[in-house]
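Undergrad: Handing you this structure, nothing more for now.
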Amino acid sequence: MTDSAEGETWLPDPPSYPQEWMSNNVLPNGKHIVVRPIHPEDEQLYKCFMDKCTAEDIRHRFFDSMRDLPSELVTQLTHIDYLHIMAFVAVNDENGELLAISRFVAAPEGNRAEFSVITRSDWQGQGVGFLLMQVLIKYAQAKNICVMWGQINSDNSQMVRMSRELGFQITTDHSDPCCVVATLQLLSPAKSSP
Ligand SMILES: CC(C)(COP(=O)(O)OP(=O)(O)OC[C@H]1O[C@@H](n2cnc3c(N)ncnc32)[C@H](O)[C@@H]1OP(=O)(O)O)[C@@H](O)C(=O)NCCC(=O)NCCS
């Protein structure tokens, strides 16, 4: 927190950007991508990203068929605290375009976090979503989150398959017959050591 002199507007310190979670990656097909925590400037890249996502993919991610995300929502999605809310983006190393986003939002008590992920429709099937989920899980473990969970449309077989591959258990969603719930029990490094 920043002390303010009399008469000045008090502003909280901006959340510190976890630069150390940035990595360069080569996909199995040889393409180069950068994975990094989202930052506020990514707001500009969002529209282009959404324009390249099919209505079906948007529905699977947002449980809504909206074509254009309201700008307030984009601001909210890109301005995060890197603690209770975390998001990673995959960026095309060649042109800086946004290719995929994984995210979690932790409950106030901090030990359960809800995840989501979306890969640009023309970049799917190349290992980007899987990689972003792996990084998100590692980050959640580092922040001592015990359980990661997410709601998935029952017709989203791709996400159900990928979740299983990542170790999530898939169960019935008792609150919504159109969905299933994917749950992953995480052990923090401290708890997993003998
Ligand atoms: C679901 C979604 C995120 C997957 O993203 P993607 O980038 O296409 O996924 P990937 O290419 O990384 O993974 C695809 C496949 O490779 C597998 N895979 C990828 N990398 C792997 C690895 N290193 N080891 C093992 N398996 C791997 C995945 O399990 C999956 O298996 P499949 O071919 O049998 O389906 C994408 O389809 C999407 O954005 N859908 C719309 C939004 C959505 O449904 N979001 C989920 C809401 S929570």
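Undergrad: Give the longest segment of the chain that steers clear of trypsin sites (Lys or Arg not before Pro) in DSSP loops with at most 16 neighbouring Cβ atoms within 10 Å, not counting the sites themselves.
TA: The answer is 68-194.
Undergrad: Sticking with this one: Which sequence of 84, 39, 32, 174 reflects their accessible areas, 1.4 Å probe, from the largest down?
TA: From most exposed to least exposed: 174, 32, 84, 39.
Undergrad: Determine which aspartates and glutamates satisfy two conditions relative to residue 52: a Cα distance under 13 Å, and not lying fewer than 8 residues away in the same chain.
TA: Within reach: 68, 97, 122.
Undergrad: Projected onto the charge dipole of the chain (+1 at Lys/Arg Cβ, -1 at Asp/Glu Cβ, origin at the Cα centre), which of 141, 45, 35 gives the Cα projection farthest towards the positive end?
TA: Towards the positive end, the residue furthest out is 141.
Undergrad: Cα gyration tensor of the chain, axes a ≥ b ≥ c as square roots of the eigenvalues: rounded (a/c below 1.5), prolate (a/b > b/c) or oblate?
TA: The shape class here is rounded.
Undergrad: Quick one, could you list the DSSP H helices from the chain stretching 20 Å or more along their long axis (Cα atoms) with average Kyte-Doolittle hydropathy of -0.5 or above?
TA: 128-142
Undergrad: I'd like the antiparallel share, as a percent to the nearest 5, of DSSP beta bridges with both residues in the chain.
TA: 90
Undergrad: Here's a follow-up. Hey, which aspartates and glutamates would be in cross-link range of residue 143, C-alpha to C-alpha under 15 Å, not counting anything within fewer than 8 residues on its own chain?
TA: Filter leaves 20, 81, 109, 114.
Undergrad: So, one more: Run lengths n ≥ 4 of DSSP H only: what is the helix-derived mean residue ellipticity at 222 nm for the chain, with -39500 (n - 2.57) per run over all residues, to the nearest 500?
TA: Value at 222 nm, helices only, nearest 500: -7500 deg cm²/dmol.
Undergrad: While we're looking at this one, here's another question. At 1.4 Å probe size, with every protein chain present, just tell me what the per residue accessible area of the chain comes to in Å².
TA: Per residue, the chain has an accessible area of 56 Å².
Undergrad: Please report, as a whole percent, how much of the solvent-accessible surface of region 19-145 comes from carbon and sulfur atoms (probe radius 1.4 Å).
TA: 51
Undergrad: Sorted by accessible area (1.4 Å probe), largest first, how do 183, 78 line up?
TA: I get 183, 78, largest accessible area first.
Undergrad: Within 10 Å, Cβ to Cβ, of residue 154, how many net charges do the neighbouring residues add up to if Lys/Arg are +1 and Asp/Glu are -1?
TA: Taking every Cβ under 10 Å from that of residue 154, the sum is -3.
Undergrad: Further question: Using the Cα gyration tensor of region 103-194, with a ≥ b ≥ c the square roots of its eigenvalues, what is the shape: rounded (a/c below 1.5), prolate (a/b larger than b/c) or oblate (neither)?
TA: Oblate, because a/c is 1.5 or more while a/b does not exceed b/c.
Undergrad: Of 170, 145, which has the most accessible area and how do the rest follow, probe 1.4 Å?
TA: Final ranking, largest accessible area leading: 170, 145.
The values are calculated or read from the model by the stated rules, or taken from the named source; none is laboratory data. What you are looking at is a predicted structure, and each value in this text was computed from that prediction instead of being measured. No Cβ is skipped: glycine too gets one built from the backbone with ideal geometry, and neighbour counts run over all protein chains shown. Heads up: the accessible areas ignore ligands, DNA and RNA and are worked out on the full protein's heavy atoms, side chains in. Shrake-Rupley method; radii C 1.70, N 1.55, O 1.52, S 1.80 Å.
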